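The values are calculated or read from the model by the stated rules, or taken from the named source; none is laboratory data. In this text, all values refer to a predicted model and were calculated from it rather than measured experimentally. Cβ coordinates were reconstructed from backbone atoms using ideal geometry, including for glycine residues, and neighbour counts include every protein chain displayed.
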2 protein chains.
Amino acid sequence: MPVRFAKRISNTKASEIREILKITQDPEIISFAGGLPAPELFPVDGIKKADAAVLDESGMMALQYTTTEGYDPLRTWIADRLNRKNATSMDKDNILITHGSQQALDIAGKVFLDEGDVVLCESPTYLAAITAFRSYGCRFVGIPTDDDGMIMSDLRKAIKENGNVKIIYVIPNFQNPTGRTWSLERRKELAKISSENCIAVIEDDPYGEIRFAGEDIISVQSFDPAGNVLSTGTFSKIFCPGFRIGWIAGDERIIKKFVLVKQGTDLQCNTFAQMTISKYLEQNDIDEHIGKIKETYRKRRDVAVRTMRETFPEGVRFTEPEGGLFAWVELPENINARDVLMKCLERKVAFVPGGSFFPNGGHENTLRINFSNMPEDRIVKGLRIMADVIKGFV
Amino acid sequence: MPVRFAKRISNTKASEIREILKITQDPEIISFAGGLPAPELFPVDGIKKADAAVLDESGMMALQYTTTEGYDPLRTWIADRLNRKNATSMDKDNILITHGSQQALDIAGKVFLDEGDVVLCESPTYLAAITAFRSYGCRFVGIPTDDDGMIMSDLRKAIKENGNVKIIYVIPNFQNPTGRTWSLERRKELAKISSENCIAVIEDDPYGEIRFAGEDIISVQSFDPAGNVLSTGTFSKIFCPGFRIGWIAGDERIIKKFVLVKQGTDLQCNTFAQMTISKYLEQNDIDEHIGKIKETYRKRRDVAVRTMRETFPEGVRFTEPEGGLFAWVELPENINARDVLMKCLERKVAFVPGGSFFPNGGHENTLRINFSNMPEDRIVKGLRIMADVIKGFV
């Protein structure tokens, strides 16, 4: 007889994206499926120099245990950067280093959610946030969004109708999966609603640094009078994802709870990785590096949008993101994106159907396109094949 | 008004050890408190060579996302080593790479525990395992132990009396905190009990490789006919803890659930760290390196045991571990180890009182001594001060 698992396990299934990603290990496949940064932009030489310096100068310390909170100079750097971008006034005590921003979401679930609590999120939203929160037994209510972000009247209504809302989860910059960006007004209003209702906001911001068009818009957190808005960030998109170093930033009183939970979860993040990033930031101009990323992604987005405009049949709509890694496609309502995917895979093109990004299902006519991970010629080739396949369904 | 936290948060408090460790950052303090390996034994040069090779040969891959399961060559190495040590027959699919074995415990909690479930464990046991499991709302029943491990009649009784036992958690080699090692017979019997009752065993084995006296005893997992015993291990004690790389090994059907849960928790472990360790293992003889660690720790244990024997007053008992990092001290029952700690801290000596290692409290006359982290002269000096302080209480 097998052992018995926890109830939550019966609700956990493999991420469709990660399963598709396994198929796309085949280098012949043109894959719009992942959320992978362009590896040719990873600062391999800079990292090599930084980590040799760390080992030479303080090898024993870099390889030893450290505090759960994280490496202080790195925490200070993050606080300073957030302050400069958003006119907040944080210091290292407002920052906890996490294993990517994904871990920040998992810990948020553990800190805030009891079984039956409600999480309000954009609909659609980031798939792995749903997975992380769901493991703590919560229920999701998806709030409709438009081109300016979550619709605030719907948010207020959902808070009223659900007594036990514990988290409002949002991705205001270049949202995953839609690529959309919230307006300043919506950000202000969300901060106000959070404060009035004493509900924590998780402002997930993995892509905010990668804006290649339009103007930066400051964070929801900047407008928060109550200290209830937490923001997450990551070095995955501006540096490299392989190090698994991200953070959560917020009021010290809440961050302290996150530290306690992280302690029991995995003690701390990789000391050496934290020190290497910190050293790299000391030795290099990260903004120059981010500039290169923006330039490359902008070109890739341009070519993706142009190709979709030229080749996708009438009735197909798509977003034109001002930053980040993703665009969002809506097919005519009678077309199921999973059927399109099956046909595309036969022709060695992959993407992620949009249905799984909706916490409460539906919207099977949508799909997500990642444009950061491939050279322009393959983007054009892949989207032309997709256009051709879609035409077969119209 | 502040946000509301999950119920579990009110039960979470800072680890006493981690709090004591903060005090012991003062380099003047002679600290027996941590569980830190000796940093002077970290293979700094070997790591430098390995990571430069990884960046040169496959930098883009090392810095990119990888699979949740972990880096295949490292998984294979772990499976092979476990097979050689324990006569099991595992391959990479039996291994999930985790952020230290601590994360393996946290994921085990998430995989197995619903609120109200019971975890059976040695009493005393590893503090941070209690923290990890407790966050999933379980209850602990501590099973009495003697010099051969958990007392099996008590274990059987506890299983009968508690209908909802989901995990039996044990550390059979050089246990934390007692330093004791289970006999072969107890291991066999635990595997049998697990199989008969369909209860998962978590065999936590961070120290098994560090045996400096006596003969290796094979794992509980080797005797498991049902595939219900999971073992955890780590590179923290044989390589370095700063990388946060450990693993859980077990039947593929259970490991798959662990993979799903890890996916939602933090996607994957540091790609670069996994590849660096794998490269290091290829370029170096790890057994030679472990030999140096054993030699150093054996000397430190010898000097610690000798000093305690010579200086501790009558009525104080202590273990003489055959491996690992810890010895366990029992003071006369009327002495509270926390009072002893306060006096010791005044004289710049630290250790961890034993009470917090007991899941259901009590045993305030016990304490744990770490002997791996300091040179011999400081061990002697520190234990003499402790002896002096203890004499003031007798």
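Restricting A:255, A:290 to residues that are touching a helix residue (DSSP H, G or I) at 6+ places or on another chain (Cβ under 7 Å) and among the hydrophobic types (A, V, I, L, M, F, W, C) narrows the list to A:255. If you filter the stretch A:236-252 down to residues that are charged (D, E, K, R) and either surrounded by fewer than 24 Cβ atoms within 10 Å (Cβ to Cβ) or more than 9 Å from chain B (Cβ to nearest Cβ) (or both), you find that the one that is farthest from the chain's Cα centre (by Cα) is A:252. When residue A:27 is tested against (1) closer than 24 Å to residue B:42 by Cβ; (2) free of Cβ contacts under 8 Å to residues at least 40 places away in the same chain; (3) more than 12 Å from chain B (Cβ to nearest Cβ), exactly one condition is not met: (1). For the stretch B:240-247, the condition of being touching a residue at least 60 places away in the same chain (Cβ under 8 Å) and more than 23 Å from residue A:62 (Cα to Cα) holds for none of the residues.
Let's see how each residue does on (1) under 29 Å from residue A:357 (Cα atoms); (2) buried (at least 21 other Cβ atoms within 10 Å of the Cβ):
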position	(1), (2)
A:73	no, no
A:78	no, yes
A:89	no, no
A:103	yes, yes
A:121	yes, yes
A:126	yes, yes
A:133	yes, yes
A:144	yes, no
A:149	yes, yes
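If you go through the stretch A:357-389 and pick out every residue that is within 24 Å of residue A:297 (Cβ to Cβ) and either assigned to a helix (DSSP H, G or I) or in contact with a His (Cβ under 8 Å, 6 or more places away or on another chain) (or both), you end up with 13. Helices (runs of 4 or more DSSP H) fully within the stretch A:227-332 that include at least 1 residues being in contact with a strand residue (DSSP E or B) (Cβ under 8 Å, 6 or more places away or on another chain) and not assigned by TED's automatic domain parsing to the domain that holds residue A:208: A:286-311. Of the residues making up the stretch B:324-340, those that are touching a residue at least 60 places away in the same chain (Cβ under 8 Å) and crowded, with 21+ Cβ neighbours inside 10 Å are B:324, B:325, B:326, B:327, B:328, B:331.
For the residues B:273, B:226, B:304, the requirement of being surrounded by fewer than 20 Cβ atoms within 10 Å (Cβ to Cβ) and among the small types (Gly, Ala, Ser) singles out B:226. Scanning the stretch A:59-109 for residues that are small (Gly, Ala, Ser) and more than 18 Å from residue B:270 (Cα to Cα) yields A:59, A:79, A:87, A:89, A:108, A:109. If you go through the stretch B:84-113 and keep only what is in contact with a Cys (Cβ under 8 Å, 6 or more places away or on another chain) and of a type outside the set (A, V, I, L, M, F, W, C), you end up with B:98, B:99, B:109.
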